[in-house]
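The structure under discussion appears below in the form of structure tokens.
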Amino acid sequence: MTNGAGIITTLIHETENGAIDRAVEKIFDSELVALPTETVYGLAADALNDVAVKKIYHAKGRPSHNPLICHVSNNAMAQRYVRVTPLAKLLMDSFWPGPLTIVLPQIPENGIAPTVSAGLETLAVRCPAANTTREIISKLDRPIAAPSANISGKLSPTTAQDVLNDFDGKIPLIIDGGATKVGIESTIVAVHDNQIKLLRPGMVTADDIVHATSVPVRDYEGTQIVAPGQLQSHYAPNAAVLLNQENTGEHFFIGFGDTTGDLNLSPNGDLAEAAHNLFQHLRSADKHTEGSIALASIPNSGIGIAINDRLKRASAPRDESST
Ligand code: AMP
Ligand code: MG
């Protein structure tokens with residue numbers, strides 16, 4: 001578990017004695033630690049430490065213009081760094097801890113390393129549901145910057161082994177919390193002037209947000225890159241990906257519901273289960289075929305919107321600038 005640079009990667013289970021303290025120590029030491037969250041595994045650094053945060057971009061090969069999400073242990077920690085309007089507070093109270101990221105204006109001179117937000121005046125904040133990671137943040141008493149723990153442009157990691165495959169010999173510590181529950185990245189919204197804009201769909205749907213806030217949710221309609229939704233290729237396996245297919249037997253086929261194949265995202269047609277299996281099935285498909293991966297069509301409603309968003313990116317022409 002070492003490479004030429006001499007970094008030894010240790011993988012420990014979250015329930016192992018001292019796991020939390022070891023993660024805290026490494027992060028305080030300006031090191032990167034991969035941590036479990038309910039969405040996907042994150043590659044974490046001290047968000048107040050510019051040297052540490054730069055290591056994230058370097059390790060992932062992530063373009064420096066693509067900002068990171070800051071993970072906090074509770075609403076109070078978020079309030080130290082961003083302006084929390086009553087609408088933002090309602091979102092936090094409704095969905096935290098959980099898979100909703102909220103982009104808010106930063107409080108000036110808040111100490112957050114400028115590289116976290118790629119120089120933007122806003123900061124994306126989220127309180128993860130995974131207890132171990134929340135406890136680590138709480139012990140640090142400061143936020144961690146943590147994008148998905150994968151090499152930029154590749155599939156997001158839903159197990160500690162996925163992280164090890166990408167970062168063995170490159171980071172000192174991986175905390176294993178088992179397979180992630182949600183399986184796809186958080187929903188991202190921007191809250192500004194009492195309006196909510198959806199920047200990336202996820203498990204928390206636009207309908208969930210409208211239900212909780214009675215505020216309409218708008219789609220992002222700009223040209224500036226503010227979310228990975230604006231980068232065409234993302235979350236891509238090595239093989240070419242074909243969407244909305246019938247199973248002709250020609251390609252490795254990932255089915256859904258009654259449309260069966262080599263694998264099935266959810267034989268019962270359950271979209272949450274399909275999200276949970278999505279990246280793992282794409283990884284398996286990649287291992288098992290030299291040819292293309294074909295997928296059954298997924299209903300474009302509820303969580304299906306987030307699944308189709310990831311699939312659209314996985315099937316897009318490959319773009320070097322994606323993350
Ligand atoms: P990842 O951590 O890989 O899931 O990516 C996080 C995504 O959050 C980035 O790709 C950004 O698009 C988005 N994001 C982070 N910070 C901001 C921000 N201040 N404004 C808008 N989007 C953001
Ligand atoms: Mg990512």
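The values are calculated or read from the model by the stated rules, or taken from the named source; none is laboratory data. Since the structure is predicted, the reported quantities are computational estimates derived from the model, not experimental observations. Neighbour counts are summed over all protein chains in view; Cβ atoms, including those assigned to glycine, are modelled from backbone coordinates with ideal geometry.
Just a few scattered comments:
- Which listed residue, of LEU278, LEU231, is modelled with pLDDT under 95 and within 16 Å of ligand 2 (Cβ to nearest atom): LEU231
- Filtered residues of region 54-103 (kept if among the basic types (Lys, Arg), closer than 21 Å to VAL204 by Cβ and in contact with a strand residue (DSSP E or B) (Cβ under 9 Å, 6 or more places away or on another chain)): none
- When region 172-188 is limited to residues that are under 14 Å from the mean Cα position of the chain (by Cα) and crowded, with 20+ Cβ neighbours inside 10 Å, the one that is farthest from PRO157 (Cα to Cα) turns out to be ILE188.
- Long-range neighbours under 7 Å by Cβ, at least six apart or interchain, first residue hydroxyl-bearing (Ser, Thr, Tyr) within region 305-323, second at pLDDT 90 or above and not in a loop (DSSP other than H, G, I, E, B): SER315/VAL241; SER315/LEU242
- Scan of region 235-289 for residues that are without any contact (Cβ under 8 Å) to a residue 60 or more places away in the chain and either assigned to a strand (DSSP E or B) or touching a Cys at 6+ places or on another chain (Cβ under 8 Å) (or both), ordered by number: PHE252, PHE253, ILE254, GLY255, PHE256, THR259, LEU263, ASN264
- Residue pairs whose Cβ atoms lie under 7 Å apart, separated by 6 or more positions or on different chains, with the first residue in region 135-150 and over 18 Å from VAL40 (Cα atoms) and the second in a loop (DSSP other than H, G, I, E, B) and more than 15 Å from ligand 1 (Cβ to nearest atom), are SER138/SER73; ARG142/LEU48.
- With respect to being within 25 Å of ASN165 (Cβ to Cβ) and more than 23 Å from the chain's Cα centre (by Cα), ASP258 falls outside the description.
- Enumeration of residues in region 35-85 that are surrounded by 19 or more Cβ atoms within 10 Å (Cβ to Cβ), of a type in the set (Ser, Thr, Tyr) and more than 23 Å from PRO99 (Cβ to Cβ): TYR57
- Candidates are the residues of region 293-323 that are outside any helix (DSSP H, G or I), closer than 18 Å to ASN238 by Cα and away from ligand 1 (no atom under 15 Å from the Cβ); the one that is modelled with the lowest pLDDT is GLU320.
- Yes/no for ALA118 being within 16 Å of ligand 2 (Cβ to nearest atom), touching a helix residue (DSSP H, G or I) at 6+ places or on another chain (Cβ under 7 Å) and farther than 28 Å from GLY304 by Cβ: no
- Region 1-34: number of residues that are crowded, with 19+ Cβ neighbours inside 10 Å and either among the polar types (S, T, N, Q) or at pLDDT below 95 (or both): 0
- Hits in region 137-149 (condition: touching a strand residue (DSSP E or B) at 6+ places or on another chain (Cβ under 8 Å) and either near ligand 2 (Cβ under 10 Å from one of its atoms) or small (Gly, Ala, Ser) (or both)): ALA145, ALA146, PRO147, SER148, ALA149
- Residue within region 162-173 that is of a type outside the set (Val, Ile, Thr), in contact with a strand residue (DSSP E or B) (Cβ under 8 Å, 6 or more places away or on another chain), within 29 Å of ILE209 (Cβ to Cβ) and more than 16 Å from ligand 2 (Cβ to nearest atom) present: no
- Checking ILE175 against (1) more than 16 Å from ligand 1 (Cβ to nearest atom); (2) touching a Leu at 6+ places or on another chain (Cβ under 7 Å); (3) outside any strand (DSSP E or B), the condition it does not meet: (3)
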